[in-house]
1. A:His130: away from chain B (no Cβ under 13 Å) and either in contact (Cβ under 8 Å) with a residue 40 or more places away in the chain or surrounded by fewer than 21 Cβ atoms within 10 Å (Cβ to Cβ) (or both), yes or no?
2. For the stretch A:139-179, how many residues are over 25 Å from A:Ile215 (Cα atoms) and touching a residue at least 60 places away in the same chain (Cβ under 8 Å)?
3. State which residue pairs qualify: first residue of a type outside the set (A, V, I, L, M, F, W, C) and inside the stretch B:4-21, second residue assigned to a helix (DSSP H, G or I) in any location, beta carbons under 6 Å apart, and separation of 6 or more residues or different chains.
4. Go through the stretch A:148-170 and report how many residues are within 15 Å of A:His82 (Cβ to Cβ) and part of a helix (DSSP H, G or I).
5. Does the stretch B:43-54 include one or more residues that are among the β-branched types (Val, Ile, Thr), over 30 Å from B:Gln15 (Cα atoms) and more than 15 Å from the chain's Cα centre (by Cα)?
6. Which residues, counting only those in the stretch A:98-112, are more than 11 Å from chain B (Cβ to nearest Cβ) and closer than 22 Å to A:Met155 by Cα?
7. Take A:Ile5 and tell me if it is crowded, with 21+ Cβ neighbours inside 10 Å, closer than 23 Å to B:Leu153 by Cα and not assigned by TED's automatic domain parsing to the domain that holds A:Gly72.
8. Quick check on the stretch B:136-152: of everything there that is touching a residue at least 12 places away in the same chain (Cβ under 8 Å) and among the small types (Gly, Ala, Ser), which residue is nearest to the other protein chains (Cβ to nearest Cβ)?
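The values are calculated or read from the model by the stated rules, or taken from the named source; none is laboratory data. As the structure is a computational prediction, the values presented were derived from the model and not from experiment. Reconstructed Cβ throughout: ideal geometry from the backbone, glycine too, with neighbour counts over all protein chains shown.
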Amino acid sequence: MPLVIQGLNKHFDNSDKATLNEIDLEIESGEFVCIVGASGCGKSTLLNLVAGLEKPTGGKILLDGKEVTGPGADRTVMFQEHGLFPWLNVIENVKFGMKLAGVPKDEQEQKAMHYLKMVHLEDYKDYPIHQISGGMRQRTALARALTMDSKVLLMDEPFSALDKQTSNRLREELQRIWMETKKTILFITHSVEEAVYLGDRVVALSPDTGRIASIISIDIERPRHVYSPEFVELRHKIMEQVRGEAV
Amino acid sequence: MGMIIFLVILILAWQGVYWLGVDLLELWKPYAVPEPAGVAKRFVELCSDGTLFQATFNSLMRGIAGYVVAVIIGILVGLLINHFNYLQKNFKPVVLGIQTLPSVCWVPFSILWFGLSTNAILFVVIMGSAFSIAISVDNAIKNIQPIYTKAALTMGATKKQMYINVIFPACLPEFISGLKQGWSFAWRALMAGEVMTTSIGLGQTLIMGRDLADINQVMLVMVVIVAVGIIIDKCIFSVIEKRILKKRGLA
């Protein structure tokens, strides 16, 4: 059980109610878990806590039995705003984390190319960041995150700043990449459809109480298709279940 | 091109005003008003005996020497006030205060401490620009988008790696404009220092013009001071600035 969240609380000083309230969640190795909820429900706060970018006011987060006390490479985050460095080109950005970790140069090159091919960006490896599209930037960020071999990959609404078409295309590719790599992923989204499409389990957060409203297992075979009858039915059912909690 | 035409028109107008006010109507005394033809004549004279070149060279070297020390001090002080909360809260207001002080105010101190020497001038240059550089270093680091540091933290960056791989490159464009501003402060402070002392340089040539009641020489030196300032700004700082911004797609 690589990631265990126990009785997690987060109460910001300037707020009169808790943002997160007694969150208990266990994520298995190789599992894809989606957290869904309306804006302001604390889903990004939950991710920041797991990433170690914020400190909880109560409870704890354990990674392979060790308590999380700060940020680290074992919990790389892929952000909504790509977070790429504009002074580096595509492949230099992808190598960034490996460079920090002191990975040998030829291994950096080999691994960066491997993941750039996976996200179909090998032809753009020398492009500066400002010359590639928003979708390509998120692909670069995804490739960079994959090179880290983190125990858990954290994704904070990575596709929600993109147009619908690009976003749909990227989630299809993420599904394929996940099927190939079986990384453990904690994925934050406000879209029930995206959550049902990607997740093994969908965790709905309630904005009113800051608690988990429901946890639903998605047993549809992969690759999934958003227009298949079983997908439409399940998405509809979950939307009904989390109505009021998540839109 | 348009600017050259404008300058020519400006100089012609100046010559016209001089001719009208001094020669024709005799409103002003010729020793109190410079004239383009006279400035040009003085320029040729001071060039041919090497005085102008020597003075400009000396001033430039002094300016650069003081500026380099100011940059080093500025970066150190800037990093310190940025890094330590205590200094940020208590020392930064002091630095901001010192920075508003016109550099000429350091002249009495510098003469008492260093005499009428080059060191006295350097001291004025350093005091005149180091603090503005320190403030700009602090601001440049503060204005880094938090996503860069956050992303690096979740890729396991240590404090040292953060400075080398993220903070320094991220704040580079703003740091360069801070350096540029620091240079303009240094150049002005240099003149404040030079007019007070007797070391050969542009400031001293200017004061010599006053002592000889040679208004054209005074004007000539002022023009040279402006020209050197503009050349350094356009040929060095603006070029570096543009290159960095272009590489990042910001210009």
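1. The answer is no for A:His130.
2. The total comes to 6.
3. Pairs that qualify, where the first residue is of a type outside the set (A, V, I, L, M, F, W, C) and the partner is assigned to a helix (DSSP H, G or I), are B:Gln15/B:Pro36.
4. Number satisfying all stated conditions: 3.
5. Step one: filter the stretch B:43-54 for residues among the β-branched types (Val, Ile, Thr), giving B:44, B:51.
From the residues that got through so far, the ones that are over 30 Å from B:Gln15 (Cα atoms) too are none.
No, that holds for no residue.
6. Just the residues of the stretch A:98-112 that are more than 11 Å from chain B (Cβ to nearest Cβ), to begin with: A:103-112.
Scanning the stretch A:98-112 gives A:Lys111, A:Ala112.
7. Details: crowded, with 21+ Cβ neighbours inside 10 Å: yes; closer than 23 Å to B:Leu153 by Cα: yes; not assigned by TED's automatic domain parsing to the domain that holds A:Gly72: yes.
Criteria met by A:Ile5.
8. Within the stretch B:136-152, the match that is nearest to the other protein chains (Cβ to nearest Cβ) is B:Ala152.
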